[in-house]
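Inspection log for the structure reproduced underneath, given as structure tokens.
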Amino acid sequence: MKSAIRTLALSAISTLLLAGAATADPETKVALVPGGPHPYFSAWEQAGKDAVKDFGIGAADYRVPQKWELSQQSQLLESLLSQGYNSFLIFPGDAVGTTPVVQEIVENGGQALALAGCLKDPTPALFCMGTDVANSAYLGTKELIKAMGGKGSIAHFTGFLVDPNTQLRIDAVQKAADETNGAVKVIQVIADIDAPQPAEEKINAYLAAHAAEVDGIVTTAWVPAVTAANALRKIGDKRIKMVGIDHDEVVLKAIKDGFVNGTMLQNPYGQGYVGSYVLDKLRSGCTIKESAPWAKNALTAKFVDSGTVFVDASQVDTYVDAMRGITKTLKENFDKDFLACK
Amino acid sequence: MSIETSPPAVPEAAGGTSQIQKILFSNEFGLVVLIVLAFAFFASLLPGFSAPFSLFAIGRQIGIDTMIGFAMMAVIVTGGLDLSVGAIGVSAAMVFGWLCERLGLPLAVSIPGAILFGALLGTINGYAVVRSGVHSFIITLASMSIFFGVMIFLTKAEAFRGLPPEVAALGRLKLGGKVSALLAISVAVCIALSVFYRYTTLGRRVLAAGANPRAAEVSGVRTGRMFIACHALTGALAALAGLMVTARTGAAVPSMAGQLGQDWLLPAFLAPVLGGTLLSGGRVAVFGTLLGAAFVNVITAGLLQLRIGEFWIQACLGLMLLAAVLADRGRHVLLRRRGLV
């Protein structure tokens, strides 16, 4: 039921975005390949389907490596290239380790974007589009600090250490805390828990032992956000403030019920939808403008922020509008500032 | 190439016909037929399957899986096993990254250094197995966690991403414009191992010790030392496999073999067991291991390209291992009846 509602919501976004669809290349075959199975990427599947429907792309298929493991992803990418896919949206299994297979894609006539996570420069990927994870974590922590009244102790629960974004998030949370001149301290960072079992184990164990010492929780990965929201609901004490990430139903319900103060929405649907659109445009004769306003991050000098927005109890029922808004803006920005089409 | 320690069961008088029969009934011949059939099947269904890049990619993966299979084969010879091959391979790759990137040592020093480190970890396994008398399953189950845990602690799970460009270039290198250099390395090691087991005294002693430790001991073979040597060889080959994976990705990544290195276990057992190496020890199939890895990878690549769900492929490989183990059991009974083991 949840997934049906999500599908309808995402389809609604795409319908409203379908203004100005241009000629597409039916030979464009896009593969959307995450680093492994993870709920964050599930929106890519619908995004690919909608891109095919809306832009007339030949194919835009969501293909998931069977494990969150670099060699599995590389093997899948090699196989997809052999199957005739010519455009790739890839969440890099490793910021450097994925580069050789992307190089092979390019050498064999394909093109690739790093999506939701970046490859380290120099890279054969055209550019990187994803959440500015550092900014998202920073803004989320600032919202948490505000909810905490500007003082107290924070616990930070985050994702896989092999994810190139994790260290950026850890640093950003610390930066927001440091700006309070000692009024707020990050007393615990628990990483490598973006899977149900380790998240349940470590978050529940930590809160069982140290809940009294914690004034706020910031989570910067999907599964820890869900687990921490559930844990706070079980504890039943709304003293501990929390800012989560993403749009899992558990987190959204906890915001409505007051156990979580808000969440930092990312835009996985927009990444897949606009990424497919851009790759098709590039195959159809468009080029990337010399003057394209790239942002920079720790890994690459060609970064595009796919958008992030803070949603609290007052906006939780209209979060689809928020996602629709940032996806529409993202596509318009590409048409206006990044793509040069004859 | 199967290497047997016992005299042939078929009398010499049977001549050429029996030799042909022996080849036709060999495990290797069966695998060659299966590989050809599987390849023809997938190539007829999938236009991209026999494309140059596809063949190169399959060949490269065969090279890596063969080396992982050799690592396990070297210890299966003793009738034991080594669950820590993945942990050793990753640890050696991380040592390679440390030597190269942090210490700035040239590849000519870093590569042998990493292989020696792998051999050292294997030696620790072998020494523990021989001295304790505990089955290698238990010892290497423990060492898998220890090696991997220490590696994660020391590296803080950080990859070495600043390796010399020659490392990634090796992973992409095509010999003659077609054949992966990593496959060529495995073929070279295949030849070296075949010579080792067939023509060297140490190789024959290892096989004798694996076939029947008591008989070998009575014959003057120091089986404990042989077993330690086998584990050391396993460690060295696992390290080489780790370096090959590093070449493929251009970085030494702690997660290259999954949690605790467990992702290597299936290919490690599949290739030698499919190839005809007896799980009870004493008989190796070096060329068979190469063919076993080739068969597994042709099937895997074909299923991937057929878009059979990626999650089903692992189940398919598991079924293949089960079938191979049952075939191994049947082969063992047959060989015993013929007086070969």
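Checking A:L10 against (1) within 21 Å of the chain's Cα centre (by Cα); (2) modelled with pLDDT of 90 or more; (3) crowded, with 23+ Cβ neighbours inside 10 Å: exactly one of these is not met. Which one?
All conditions are met except number (2).
Of all residues being touching a Ser or Thr at 6+ places or on another chain (Cβ under 7 Å) and at pLDDT below 90 in region A:55-72, which is surrounded by the most Cβ atoms within 10 Å (Cβ to Cβ)? Just the residue, please.
A:L70
Being closer than 30 Å to B:S280 by Cβ and surrounded by fewer than 22 Cβ atoms within 10 Å (Cβ to Cβ) is true for just one of B:G30, B:G126. Which residue is that?
Going through B:G30, B:G126 in turn, just one is closer than 30 Å to B:S280 by Cβ and surrounded by fewer than 22 Cβ atoms within 10 Å (Cβ to Cβ): B:G30.
Residues are listed down the side, and each one gets a yes or a no for (1) surrounded by fewer than 24 Cβ atoms within 10 Å (Cβ to Cβ); (2) at pLDDT 95 or above; (3) not in a helix (DSSP H, G or I):
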{"site": "A:K175", "(1), (2), (3)": "yes, yes, no"}
{"site": "A:T180", "(1), (2), (3)": "yes, yes, yes"}
{"site": "A:E201", "(1), (2), (3)": "yes, no, no"}
{"site": "A:L207", "(1), (2), (3)": "yes, no, no"}
{"site": "A:V243", "(1), (2), (3)": "no, yes, yes"}
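Scan region B:123-130 and give yes if some residue there is away from chain A (no Cβ under 14 Å), more than 18 Å from the chain's Cα centre (by Cα), more than 23 Å from A:D94 (Cα to Cα) and in a strand (DSSP E or B), otherwise no.
So far as region B:123-130 goes, no, none of its residues is away from chain A (no Cβ under 14 Å), more than 18 Å from the chain's Cα centre (by Cα), more than 23 Å from A:D94 (Cα to Cα) and in a strand (DSSP E or B).
Can you tell me which residue among B:I308, B:I299, B:I228 is more than 19 Å from the chain's Cα centre (by Cα), aliphatic (A, V, I, L, M) and surrounded by fewer than 24 Cβ atoms within 10 Å (Cβ to Cβ)?
Going through B:I308, B:I299, B:I228 in turn, the sole match is B:I308.
Any idea how many residues of region B:136-162 are of a type outside the set (V, I, T) and surrounded by fewer than 19 Cβ atoms within 10 Å (Cβ to Cβ)?
Within region B:136-162, residues that are of a type outside the set (V, I, T) and surrounded by fewer than 19 Cβ atoms within 10 Å (Cβ to Cβ) number 11.
For region A:301-319, enumerate the residues that are in a helix (DSSP H, G or I) and out of contact with any Lys or Arg (no Cβ under 9 Å at 6 or more places or on another chain).
Hits for region A:301-319 are A:T318, A:Y319.
In this structure, does A:A116 turn out to be within 17 Å of the chain's Cα centre (by Cα) and within 12 Å of chain B (Cβ to nearest Cβ)?
no
Which of the residues belonging to region B:257-280 are outside any helix (DSSP H, G or I) and under 29 Å from A:E104 (Cβ atoms)?
Listed by number, the residues that qualify are B:A257, B:G258.
Are any residues in region A:69-109 hydrophobic (A, V, I, L, M, F, W, C) and either in contact with an Asp or Glu (Cβ under 7 Å, 6 or more places away or on another chain) or facing chain B (nearest Cβ under 8 Å) (or both), and if so, which ones?
A:L70, A:L76, A:L81, A:A95, A:V96, A:V101, listed by residue number.
How many residues are of a type in the set (S, T, Y) and either more than 11 Å from chain A (Cβ to nearest Cβ) or free of Cβ contacts under 8 Å to residues at least 12 places away in the same chain (or both) when one looks only at region B:51-79?
Residues that pass the stated criteria total 2.
Would you tally the residues in region B:281-325 being assigned to a helix (DSSP H, G or I) and without any contact (Cβ under 8 Å) to a residue 12 or more places away in the chain?
Summing the residues that are assigned to a helix (DSSP H, G or I) and without any contact (Cβ under 8 Å) to a residue 12 or more places away in the chain in region B:281-325 gives 8.
Can you tell me which condition A:V226 does not meet? The list is (1) modelled with pLDDT of 95 or more; (2) in a helix (DSSP H, G or I); (3) in contact with a Ser or Thr (Cβ under 6 Å, 6 or more places away or on another chain), and all the others hold.
Here A:V226 meets the rest and fails (3).
Examine region A:281-300 for a residue that is more than 30 Å from A:T123 (Cβ to Cβ), modelled with pLDDT of 90 or more and part of a helix (DSSP H, G or I), and state whether such a residue exists.
no
Please list, ordered by residue number, the helices (runs of 4 or more DSSP H) wholly in region B:138-256 having 1 or more residues that are in contact with a Phe, Trp or Tyr (Cβ under 9 Å, 6 or more places away or on another chain), of a type in the set (F, W, Y) and within 14 Å of chain A (Cβ to nearest Cβ).
By residue number, no helices (runs of 4 or more DSSP H) qualify.
The values are calculated or read from the model by the stated rules, or taken from the named source; none is laboratory data. Keep in mind that what you see is a predicted model, and the values were worked out from it rather than measured. Virtual Cβ from ideal backbone geometry, glycine too; neighbours counted across all protein chains shown.
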